[in-house]
Amino acid sequence: MSEQDTDRPSEPTRSGFVAILGKPNVGKSTLLNTMLGIKVAPITPKPQTTRRGVRGIYTEENRQLVFVDTPGLQRAKDALDDFMNREIRGALVDVEAVLWVVDLRRPPSEEDREVASLVRSLEPSVPVFLVGNKVDVAKYPQEALRLYRDLHPGIEQIRILSALNDPEEVFALRSELLALLPEGPLYFPSDIRSDQSRENWASELIRESAMIHLREELPYSVAVKVLEWRDPEHDDQPIYIFAEIWVERVNHRRMVIGKGGRMIKEIGKTARKQLEIFVNRQIFLELDVVVHRNWREDSEALRELGYAG
């Protein structure tokens with residue numbers, strides 16, 4: 001190495017937070033997972049899949065993006081909804097950019113207008129990207145996009161993509177966000193992709209499985225708490241995970257268990273396959289279903305589940 005190379009100043013580190021915002025079920029979690037190249041947020045076709053602000057971390061050399069995937073903004077009906085809406089507003093503090101995600105299959109709804117109002121209230125210095133998602137399955141994407149633009153006429157950064165099926169466009173957006181970052185420290189080690197504990201991550205994947213398999217009304221009264229994660233002593237042994245699925249009524253418990261235990265077996269099978277993909281080893285998953293009446297209105301239960309401070 002020459003003396004000239006030694007004297008050359010090193011490139012400063014750059015970092016910042018990016019909030020992903022939108023109404024329920026527009027594809028925010030799918031966008032985050034594609035940005036990271038790994039699944040850190042649960043995904044189902046049903047609203048309320050994301051309940052807490054999941055942080056996903058992308059590091060490229062000396063730059064680090066910390067994405068905050070927020071729950072879908074909606075009118076609060078219980079203490080859980082209140083918590084989710086607070087998570088959204090908290091995610092908008094001290095961010096370098098906001099990704100406002102909309103579903104191009106449909107025109108704006110009242111929930112979209114509420115999100116747009118929140119976006120308009122941001123400081124003008126915060127760049128906002130209007131991300132029109134699901135373009136691959138939208139019949140009239142340009143018409144829908146025009147209606148969303150009308151909700152925030154001052155918006156300049158507009159991107160159209162499919163978070164599920166168009167990774168190149170997602171990566172291009174990620175490169176734009178990397179270029180926006182100011183000088184700052186790397187908040188997480190470069191090999192970290194999420195700030196969730198492994199227990200929280202596993203509980204969300206199990207809840208995702210429950211939401212996929214259960215009937216329309218029941219998933220929103222289901223929560224999951226991982227009580228034990230035991231690593232094996234030997235590499236040829238499985239990881240042991242024990243989790244409780246919380247429901248609000250006795251008849252809900254019967255539905256989750258299913259006739260002859262078939263439903264709980266299907267939920268466990270789907271969740272176990274997802275977990276094994278990401279930890280790259282065999283898992284023994286044990287599930288129990290317990291009744292916690294009206295847990296969505298119980299502040300202590302919400303704290304126990306990690307939905308309140």
Exposure proxy order (Cβ contacts within 10 Å, fewest to most) of D69, D235:
D235, D69
Counting other Cβ atoms within 10 Å of each Cβ, which GluC sites (Glu not before Pro) in the range 117-195 have at most 15 and sit in a DSSP loop?
E156
Descending semi-axes in whole angstrom, ellipsoid equivalent of the range 198-304, from the Cα gyration tensor:
24, 16, 11
Assertion target for V40, V126, ordered by fewest C-beta neighbours within 10 angstrom first, is V126, V40
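Just want the ordering: K139, K265, from fewest to most Cβ atoms lying within 10 Å of their own Cβ.
K139, K265
Here, each number is a calculation from the coordinates, and none is a lab measurement. Just so you know, these numbers come straight off a predicted model, no measurement behind them. Cβ sites come from the backbone with ideal geometry, for glycine too, and all protein chains shown count toward neighbours.
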